[in-house]
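Structure first, then comments.
The values are calculated or read from the model by the stated rules, or taken from the named source; none is laboratory data. The model shown is predicted, which means the values in this text are computed figures rather than measured ones. A quick note on method: Cβ atoms are made from the backbone with ideal geometry, for glycine too, and the neighbour counts reach across all protein chains shown. Just the protein is used for accessible areas: all its heavy atoms, side chains included, with ligands, DNA and RNA removed. Shrake-Rupley method; radii C 1.70, N 1.55, O 1.52, S 1.80 Å.
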Amino acid sequence: MALSKRYDPKTAEPRLQAFWQDNGIFHFDVDDESRPVYSIDTPPPTVSGHLHLGHVYSYSHADFVARFWRMRGYNVFYPMGYDDNGLPTERLVEKWEGVRAADVGREAFIRRCLAVSERAEGDYRELWQRLGLSIDWRYSYRTIDDLSRRTSQLSFLDLYRKGLVYRQEAPAIWCPECQTSIAQAELADLERESVFYTLAFALTDGGALEIATTRPELLPACVAVFVHPDDARFTALIGQQAQVPHFGQWVPILPDPAADPEKGTGAVMCCTFGDVTDVAWWYTHHLPLRVAIDRAGRMTDLAGEFAGLTLREARKQIVAALEATGQLLAQRPIHQSVRVHERCDTPVEYVVASQWFVRVLDFKEKLLDAGSQVAWYPSHMETRYREWVENLNWDWCLSRQRYFGVTFPVWYCDVCGAVITAEDDELPIDPTEHTPSHPCACGSTSFTPERDVMDTWATSSLTPQIVGQWLANPRLYAKVFPFSLRPQAHEIIRTWAFYTIAKSQYHFDAVPWRNAGISGWGLAPEGTGKISKSKGGGPMPPLEMIETYSADAVRYWASSTGFGKDAIISEEKIQTGEKLVTKLWNVARFSERFIDPPLSPLPGGIEGGTPADRWILARTQRLIARVTALFEAYDYAAAKSEIEIFFWRDLADNYLEMAKLRLYNENTTVSAGARFALTHVLLTVLKLLAPFLPHVTEELYQALFAAQEGAVSIHRARWPEVDARFVDDAAEAFGETLVEITTQARRYKSEHGLSLGAEIPLLTLAAEGETRVLLDSAIPDLISITRARQIEIVDAAPSGLNAGALPGAVWVTVQE
């Protein structure tokens, strides 16, 4: 078909996307034994709000890689999932529906969670398809579906049988806002202004010990005072007692090296619990437990007249009471970092509760070794993984006091307290709706179900097993596991990457994937940092951006920055992508009448054609080698940059202008050489750009090359390979001489106010030997691109105005 004057992405892109789906272009073939498999453990987006351009940025990266390996002849397994169980989805329901579980009841709330997540997932799929992700939609899953819940519950049972999970009443990190325990990996640091209050703790000899704290509301929970054992200021006080101001309990003064002599007054109160140090001291020194804050973030009866107050109000009133009694000695503002729940920015508390934990602290070396077996892109991301593992202080807390999630398949005997687990063939199971299939070993048939649900990461950490259908399709699983690539964001190395590696080690003693491609963030252009589903950001919603500029233009922006790097959402760069799409279309339209597939041999053999033909063919081979190597090293951004430079500089700006006169002079030997080179180079450029600009390259491929190439889609066509016949360093070098001659002629026109299309009377070139012979054969192409009416080649180097030296001892003079 003839190409239209203008390319209309608004109609072409949806049409091409439908063509890909109708023809199964991106289908994985489980029965294909002839091709190697490339499998991708695609990140399932958390169902917690609307997707934004930051998601478009990172999810495009995996698609560039998938399309490259598919064209390289691999059987690509590229699925999609939705992480729609647990706290993020509950909070979305609370936001969208305006209800909380306590308002409507557990069952009604779960039904709303399912409905909202289905609605959001439909929106997600619409965006991914409009962006042109080459997903095989037959392999889609939800982390709340039956197979996911069965897989997650079986994982828990396997860990339980191996002694790798345990239940314990212990301090847990608690979010008062979300009303659930959370894992260490879900903590973030928040910088804020606070106040250091210096308080007087009475001593038995009538003196006072000064202690500074930012949390006077924890005074009723104070169980000890700690000082550094080498701090001479407090040596005489070690072993004595101090009385907590206002609340009156006497507590021991104990030595511990964790007390920082440089912080505050050097003496620090230990409360149960203010932070992880308090927890460690409580364990190490066998201290009593005093609970002053409840799970709702209010003061308990232990606080006396302050019971029931919020922490903020309690702090205010306690400070006033201390000031009234003279026990507040000083206060000064400070800047501090507090630990908050990453999902809501609420400062966390530490509460004692019965929780399920996965053992990770005992296996740090094993998990570090597993991480080193993965190739990380960029490589420094492995350091983030190592630092996280090395600095773990807690086992992985699995329990969440929420409603919508994967349940623990356990009950507790009401008589002896034994843990009763479900049978494997009963999974998935909700213990609140079913009873054990057998009595307890003690004979009891009375049980209490576990009502907590699992941390959403407990299921997400099994995405290789879920999407690979470990339990449902062992043949598929054997083909795709371990996966070739895990693409993900850098901030969840500590959660998704770490937990997936841990689960894979515990269950299979294997790494889950061979490569990890770690994307950066898409940053709001105002400089306000990362954008998010909940907080928004970005110049416009992604679908609106796509409709405004095209999916290919947006993908161009996403491909401009490599793995591991953040990128400003740049509408200007998206517009640059739009210009590239337009230029590619215009070059193809110009070339259409000259395209000569199937490629016939160059007239006169490999030596046929002009030096410009041999140059562009040689440059193309170098480009193929370079781009292929960069893609294999997961540096798609550098690959795109190399292609773009070649397209604009070598093909569009120079070669086409050199070859134009010969191309128009049809049915001649010199024209055949140009047609051959143009056909080869344009097809190569389309294929190399196909992972980045899949729509316009497909449209051009279908119009110009599909009938002769044979592949139903450019995305099923073979990736270009270097043709050794055209590798020619000398031709490349001489081609650069032609480009430089052209540059000097253009510079002359620019300096003299002439248009680039203006003719010049005479172009004089001075050269000797082989260079002169080559220049003789290049004269038609130089006339075409410089618009010189005459080109003269002389032996002696000219002098005077407009003379310049070039590589190869060529001198150029432009004569008016």
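Tabulated results
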read-out	value
Residue satisfying condition, being at negative phi, open to solvent by 30 Å² or more (accessible area, probe 1.4 Å) and over 23 Å from the mean Cα position of the chain (by Cα), within set Glu118, Glu126	Glu118
Helices (runs of 4 or more DSSP H) lying entirely in segment 482-593 (those with 3 or more residues that are hydroxyl-bearing (Ser, Thr, Tyr) and modelled with pLDDT of 95 or more)	498-508, 571-591
Subset of segment 713-730 that is farther than 22 Å from Glu632 by Cβ and not aliphatic (A, V, I, L, M) - its residue that is least open to solvent (accessible area, probe 1.4 Å)	Ser713
Filter result for Arg138 (charged (D, E, K, R), within 23 Å of Ser58 (Cα to Cα), surrounded by fewer than 17 Cβ atoms within 10 Å (Cβ to Cβ) and in contact (Cβ under 8 Å) with a residue 60 or more places away in the chain)	yes
Subset of segment 71-82 (residues that are touching a strand residue (DSSP E or B) at 6+ places or on another chain (Cβ under 9 Å) and open to solvent by 10 Å² or more (accessible area, probe 1.4 Å))	Arg72, Tyr74, Tyr82
Scope segment 397-419; condition part of a strand (DSSP E or B), open to solvent by 10 Å² or more (accessible area, probe 1.4 Å) and of a type in the set (A, V, I, L, M, F, W, C); matching residues	Val419
Filtered residues of segment 338-351 (kept if open to solvent by 60 Å² or more (accessible area, probe 1.4 Å) and either part of a strand (DSSP E or B) or among the acidic types (Asp, Glu) (or both))	Arg339, Glu342, Asp345
Subset of segment 94-148 [within 30 Å of Phe19 (Cβ to Cβ) and among the aliphatic types (A, V, I, L, M)]	Ala120, Leu127, Leu131, Leu133, Ile135
Residue pairs meeting the criteria (Cβ under 6 Å; at least 6 apart or on separate chains; first more than 14 Å from Gln327 (Cβ to Cβ), in segment 195-213; second hydrophobic (A, V, I, L, M, F, W, C))	Phe196/Ala212; Phe196/Ile334
Options Ile791, Ile760; residue that is at pLDDT 90 or above, in contact with a helix residue (DSSP H, G or I) (Cβ under 7 Å, 6 or more places away or on another chain), over 15 Å from Trp615 (Cβ atoms) and open to solvent by less than 70 Å² (accessible area, probe 1.4 Å)	Ile791
Test result for Thr11, crowded, with 22+ Cβ neighbours inside 10 Å, closer than 24 Å to His695 by Cβ and modelled with pLDDT of 95 or more	no
Filter pass, Gly735 being of a type in the set (Gly, Ala, Ser), in a helix (DSSP H, G or I) and either at pLDDT 90 or above or more than 46 Å from the chain's Cα centre (by Cα) (or both)	yes
Inter-residue pairs, beta-carbon under 7 Å, first touching a residue at least 40 places away in the same chain (Cβ under 8 Å) and in segment 429-455, second aliphatic (A, V, I, L, M), 6+ apart	Ile429/Ala422; Glu450/Val410; Val453/Val406; Met454/Leu398; Met454/Val406; Asp455/Ala183; Asp455/Leu398
Some residue of segment 764-776 being outside any helix (DSSP H, G or I), in contact (Cβ under 8 Å) with a residue 12 or more places away in the chain and either open to solvent by 50 Å² or more (accessible area, probe 1.4 Å) or on the phi > 0 side of the Ramachandran plot (or both)	yes
Single condition Ser39 does not satisfy, out of (1) under 24 Å from Ser460 (Cα atoms); (2) assigned to a loop (DSSP other than H, G, I, E, B); (3) open to solvent by less than 10 Å² (accessible area, probe 1.4 Å)	(2)
Qualifying helices (runs of 4 or more DSSP H) (wholly inside segment 624-712; at least 1 residues being hydrophobic (A, V, I, L, M, F, W, C) and open to solvent by less than 10 Å² (accessible area, probe 1.4 Å))	636-645, 656-664, 669-689, 694-704
Qualifying residue in segment 749-757 (condition: of a type in the set (Lys, Arg), in contact with a helix residue (DSSP H, G or I) (Cβ under 8 Å, 6 or more places away or on another chain) and either part of a helix (DSSP H, G or I) or farther than 19 Å from Lys660 by Cβ (or both))	no
Strands (runs of 3 or more DSSP E) wholly inside segment 167-280 that include at least 3 residues being open to solvent by less than 20 Å² (accessible area, probe 1.4 Å)	180-182, 187-203, 208-213, 222-227, 268-271
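Let's see how each residue does on (1) under 29 Å from the mean Cα position of the chain (by Cα); (2) among the acidic types (Asp, Glu):
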{"residue": "Ile25", "(1), (2)": "yes, no"}
{"residue": "Pro45", "(1), (2)": "yes, no"}
{"residue": "Val56", "(1), (2)": "yes, no"}
{"residue": "Arg67", "(1), (2)": "yes, no"}
{"residue": "Asn75", "(1), (2)": "yes, no"}
{"residue": "Asp84", "(1), (2)": "yes, yes"}
{"residue": "Lys95", "(1), (2)": "yes, no"}
{"residue": "Asp103", "(1), (2)": "no, yes"}
{"residue": "Arg111", "(1), (2)": "no, no"}
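Conditions (1) open to solvent by less than 20 Å² (accessible area, probe 1.4 Å); (2) closer than 30 Å to Pro482 by Cα; (3) assigned to a strand (DSSP E or B); (4) of a type in the set (Ser, Thr, Tyr), marked per residue:
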| site | (1), (2), (3), (4) |
| --- | --- |
| Gly304 | no, no, no, no |
| Ala321 | no, no, no, no |
| Leu329 | no, no, yes, no |
| Gln336 | no, no, yes, no |
| Ala353 | yes, no, yes, no |
